[in-house]
1. Taking segment 78-112 as the region of interest, how many residues are open to solvent by 100 Å² or more (accessible area, probe 1.4 Å) and either hydroxyl-bearing (Ser, Thr, Tyr) or within 30 Å of PHE25 (Cβ to Cβ) (or both)?
2. Looking at segment 50-67 only, could you name the residues that are over 15 Å from ASP15 (Cβ atoms) and open to solvent by less than 100 Å² (accessible area, probe 1.4 Å)?
3. Just checking: which of the helices (runs of 4 or more DSSP H) contained wholly in segment 17-120 hold 2 or more residues that are charged (D, E, K, R) and out of contact with any Pro (no Cβ under 8 Å at 6 or more places or on another chain)?
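The values are calculated or read from the model by the stated rules, or taken from the named source; none is laboratory data. Just so you know, these numbers come straight off a predicted model, no measurement behind them. Virtual Cβ from ideal backbone geometry, glycine too; neighbours counted across all protein chains shown. These accessible areas exclude ligands, DNA and RNA; they are computed on the full protein's heavy atoms, side chains included. Shrake-Rupley method; radii C 1.70, N 1.55, O 1.52, S 1.80 Å.
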Amino acid sequence: MSAEPPRKAPDPPADLLSECRVDTFRSGGKGGQHQNKVESGVRLTHRPTGLVVTSRKHRSQHRNREDALRRLRGKLEAMDLKDPPRLPTRVPEREKRRRLAAKRRRSRLKRLRDRPGPDD
C-alpha cells in the first residue's frame with residue numbers, strides 16, 4: 001500500500017472549481033417563495049478526492065458557490081494535516097497494583113454469590 005503524497009489545493013478559485021462537479025438545487029426550508037423556486041443551493045464534488053461540500057446559506061447562488069469553495073479548500077487543507085506520531089508510554093507500577101487490587105476485590109464479591117458447597 002503506497003501512501004498518497006500530500007495534495008495542495010490550487011490557489012486560484014477557478015482552478016479548484018475546474019476540479020469539481022457543480023450541482024445546483026433548491027435550498028428548501030424557511031425563506032418563502034425565493035428559496036422554494038430558485039436553485040440557489042450549491043453542491044461541489046471534488047473529483048480527485050471525492051469530498052462533497054454543500055452551501056445553501058445565502059440567497060445568491062454565486063455567494064453559495066464562493067462559500068462552498070472556501071469550505072472545500074478548508075477540508076482539503078485539513079486532509080493534508082497529519083496527526084503527530086503517538087509516543088508509547090508505560091503503565092506506572094502503582095496503577096498496575098491498583099488495577100490488580102480492584103480485580104481481587106471484584107473476584108471476592110463474585111465468589112460470595114456462588115452456591116454453598118455440600119460441606120458448607
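1. Residues meeting the conditions: 2.
2. Those that are over 15 Å from ASP15 (Cβ atoms) and open to solvent by less than 100 Å² (accessible area, probe 1.4 Å): GLY50, LEU51, VAL52, VAL53, THR54, SER55, HIS58, SER60, GLN61, ASN64, ASP67.
3. 61-80, 93-112
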